[in-house]
Structures are given as structure tokens and as C-alpha cells.
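Here is the structure we will look at.
The values are calculated or read from the model by the stated rules, or taken from the named source; none is laboratory data. Since the structure is predicted, the reported quantities are computational estimates derived from the model, not experimental observations. FYI the Cβ positions are ideal-geometry reconstructions off the backbone, even for glycines, and counts take in every protein chain you see.
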Amino acid sequence: MDYIENTYKELFLKQQSNLITVGKTSYDERIKILNRLKKAIEVTYRNDIHKALKDDLGKPKLESELTEIYAILGDIKHTKTCLHKWMRNQKVSTPVSMLGSSSYIKYESKGVCLIISPWNFPFNLTFGPLVSAIAAGNTAIIKPSEMTPNSSALMAKIVSDVFKDDEVALVEGEVETSTELLKLPFNHIFFTGSPKVGKIVMEAASKHLTSVTLELGGKSPTVIDKTANIDKAAKKIMWGKFLNAGQICICPDYVLIDQSIKSEFIQACKKWLQHFFQNNPKDSNSYGRIVTDNHFERLNSYLENAQKLNAKFEVGGKSDASSKYIEPTIISDLKPEAALLEEEIFGPILPIVTYESLDMAISYINSKERPLALYIFSKSKSNTDKIINNTRAGGTCINNTIIQYTNHNLPFGGINNSGIGKSHGFYGFEAFSNKRAVIKQHTFGVTELLFPPYTDFKEKLARLTIKWF
Ligand code: NAD
């Protein structure tokens, strides 16, 4: 352990001694670094990435392209387009009472950053934050998930190929590795993972008062009201729920539906599942697998728990441990204490909860932790506004699922239990930057009139200044 501790410390100190140099890099230099990463992902390692994702998650090739490779290349492209503007000092106005001075915000690098990533989109959720860290002029140590070993090993290779270790380094390992890394006085920690581990990270960060971005998870509700286009809702929910076999932080965790349209919705879901994955999703090359035996067991226990509580299996329910396969499954009539309604599912099982009034649906959402995503399917503006105005969520998508993640101009992140801080585009750059407040005195400053010794005249002047300026 001492050896490991010393190795990480050495790496950390190496990056620490380089942080001012990296922080001073110009727009052109940062673009050059991003281009190196781009080339590695787009060209050199593209096929290896497909293979690693297939081996780790049974990920279909097109899904790997869209949700991993394209996502990172999209981040780099957007950053390259906007970075010049983001890096510029941002002038702000200065009050008349401070006549003779001017002010601006300087976006400067935070320093040495730690990026801890999860397994569900291993490349995207590791290199995505890294793009922001580089754009903001930081050095970074990365700790990817041990659950996807092929992807982690490949990322280690990519990082050592593209970067010097005093710029960016990747450390593979399990919980002990994170624990050791978290002892170091990083300048920022960007963590993506579960709320449970997020709390551990935040506690460790508090020892050094390190700032954190926590991209967490939870149960994302999907409300369907009577006015919704049911067929379109079913199509988009079946896509968003069963992409990556439901192992997505923002996938619809459960559906809250007006009871009068439940059976029509389930019929439409069956139709779209058949269209997406044909009769047997196990044979479909468009459907993924569960990441590990432990996660398979966890999900299987939810199915057993639902069976024990006499819930109704509307679709699916079959599983196969040897191939870590769980059929796309829809379950209704669940008792409130069912594990599927209590825990974040993070797998291909969709519980359906019915409501009699929109107020009931809103109360149900508000009885749970604040979600990362809240989906609304409705044609009614007043219903949509009512749901948005009476709930809180990291993000909301109306009449679709998942796509809020893909707009670089929107901040991505949760609220409270689903996360702290935002990422993507400018918001990612901001997360990895210190907004230094700079004010410059050019000429005689009015404030000097109020310096000691204090007199009656200065007191009157202060009153006048407060009143008029
Ligand atoms: P996790 O919290 O178990 O692990 C995430 C990372 O933390 C891994 O690298 C892991 O090695 C490390 N880790 C695990 N235990 C630790 C400990 N005790 N101390 C320090 N580090 C530890 O999460 P996961 O299973 O990899 O991913 C699933 C969770 O992540 C879900 O809750 C999901 O909603 C969430 N998630 C969120 C986002 C987002 O962008 N908000 C994206 C993907 C996943």
C-alpha cells in the first residue's frame, strides 16, 4: 500500500509542478492537445474501442459510435469552436461609486484535477470531462471503472500514447485506488457515479476543501398525461429505456401514466419492442448485456421481488445468467415497497405506476429524491408547465428521452441527490475553471475619499454615495 501511495503522490507532485505551465497554455496549444486526443479516438483506436465495448458490455457497434465515439468527437468539435470565446477575459461593469476602475473575470485553470468515471459509457464519461479539463488548462489524473476492464486498459493505452504523465495520467484500479487518490489535495474532483459513492468523494474532498463536480444518478420519472401522443411516447420511451440495456443515468427509471391510457400505452410499447429487437431480443444485434454478474444478480433480485409481490409482468421477465442477459421488461401493479420503486434500476426493467390526477403524479415525484432527468409526454402546455413548476430536476425533456444530454449548449447535471455542479460545453469548461475576479484602479478612486481619519463630512459623503450610487 505504501508503494501505491507513493506512486500516486509522485504522479500528483509531478502534475502539481507543471500546473502553472499547463495553465498558461494558449488557445492554439490547447487545440493541439485536443486534436491529438481526437485523432486517437477517431482514427488510431476507433476499432479497438468498438471491440473493448463489445467485450465489456456487449455494446452494438452503432451504439458505440453514437454514444461513445461521436459523443466525444462532438465535445471536442464544440470546444474547438467556442474555446477562444470562453478563454477571453470577461468584462463586467463597474459601479459609478468606483469611478476610475474597471473589472473583468479571468477564467483560469484550477490546477491538478481528479476524474473518476463509471462503467456504463466508459469512454464518453472519461474523455468527456477530460476535454473540459484540458480546455480549461488543467492537468488531470483519471481513475476509470474496474467493471469494464477492457475499456479501462484501452483508455490507459490511449492516455499514455497521447499525453505526458505530467499533463494527463490514467490509473487503473478498484476502490482502494480511488481511496488512495482521494487522500491527495487535488484542486478539483470531477466524479461520475452513484449518489452513495458521491458522498464518500465529497467527504474526502472536504479534508482539503477541494471543489467537486458530482454527476450522480437516481430515479428519473417519466410522466405521460392523457393528451400525449401515446404511440410516439411509447417509441421514444422504449428507445431511451432499453438503449445500453437500460444502464444509463438519465434513462426513464419509471413511468407515471394516467390510468385511463395505461393499456393503450403498453400495447404500443409491445409494438415498438418488436420493431426494435424482433421476437427474441437475445438474438438481436441491437440489444446489449448487463455489465457484471453482480449487477445481473441485483437486477434479477428486483424481478424476483416483483414476482413475490404479485406484480403484473406486462412484457418480458426472462433472464439468462450465463450471458448476463435480461429481457426488456415492463411491470405494472407494483406495491410501493417493491425494490423497483425504491432503488435506482439501472437496467432494462420499466415499472409502470398509474395516477388519477396530475397532482398525484407530482406528489409522487416530490416524495422521492430530486432526479437527474424528468421526462414529460404531453400536448398540453398548462400540464407541462404545471409539472415543471411544481418539481425540481437536473434536466427535463418534453416529448422525447435522453436528447437533453446531446445539446452542448445545455448544462448537464443533477440537483442534490442526483448531483452537484454541471458539465458539457461551456458549463464543463466553467466547472474546471476558477473565475478569478479582477479589478484595476486606473486613476484616483472615489473610495479614497472615505479613508481615515473619519470626519462628519466623510460620513455625509458615505451616506450620499450609498443613497445615489
Ligand atoms: P459507482 O459509484 O459504483 O462507481 C463510480 C466510480 O467510483 C468507479 O470508478 C469506482 O471504481 C469508484 N468507486 C466505487 N466505490 C468507491 C468508493 N467506495 N470510494 C471511492 N471510489 C469508489 O458507480 P457505477 O456503478 O460505476 O455507475 C452507476 C452509477 O453512476 C449510477 O448511479 C448512475 O446513475 C450513475 N451515473 C451518473 C452519470 C451522470 O452523468 N450523472 C453517468 C453515468 C452513471
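The single condition from (1) more than 28 Å from LYS435 (Cβ to Cβ); (2) more than 13 Å from the ligand (Cβ to nearest atom) that GLY111 fails is (1). If you go through segment 128-181 and keep only what is within 26 Å of LEU83 (Cα to Cα) and of a type in the set (Ser, Thr, Tyr), you end up with SER132, THR139, SER160. Within segment 302-312, the residues that satisfy the criterion of being of a type outside the set (A, V, I, L, M, F, W, C) and more than 27 Å from the chain's Cα centre (by Cα) are GLU304, ASN305, GLN307, LYS308, ASN310, LYS312.
Filtering segment 396-416 to residues that are near the ligand (Cβ under 10 Å from one of its atoms) and either over 11 Å from the mean Cα position of the chain (by Cα) or assigned to a loop (DSSP other than H, G, I, E, B) (or both) leaves GLY413, GLY414.
So is PHE377 surrounded by fewer than 18 Cβ atoms within 10 Å (Cβ to Cβ) and either modelled with pLDDT under 95 or out of contact with any His (no Cβ under 6 Å at 6 or more places or on another chain) (or both) or not? Against the criterion (surrounded by fewer than 18 Cβ atoms within 10 Å (Cβ to Cβ) and either modelled with pLDDT under 95 or out of contact with any His (no Cβ under 6 Å at 6 or more places or on another chain) (or both)), PHE377 does not qualify. Scanning segment 163-187 for residues that are buried (at least 19 other Cβ atoms within 10 Å of the Cβ) and over 16 Å from LYS9 (Cα atoms) yields a count of 1.
Condition (residue is without any contact (Cβ under 8 Å) to a residue 40 or more places away in the chain and assigned to a loop (DSSP other than H, G, I, E, B)) applied to segment 228-237: is it met by at least one residue? The answer is no; no qualifying residue exists. For segment 223-252: of the residues being away from the ligand (no atom under 14 Å from the Cβ) and aliphatic (A, V, I, L, M), which is surrounded by the fewest Cβ atoms within 10 Å (Cβ to Cβ)? Here the residue is ILE230.
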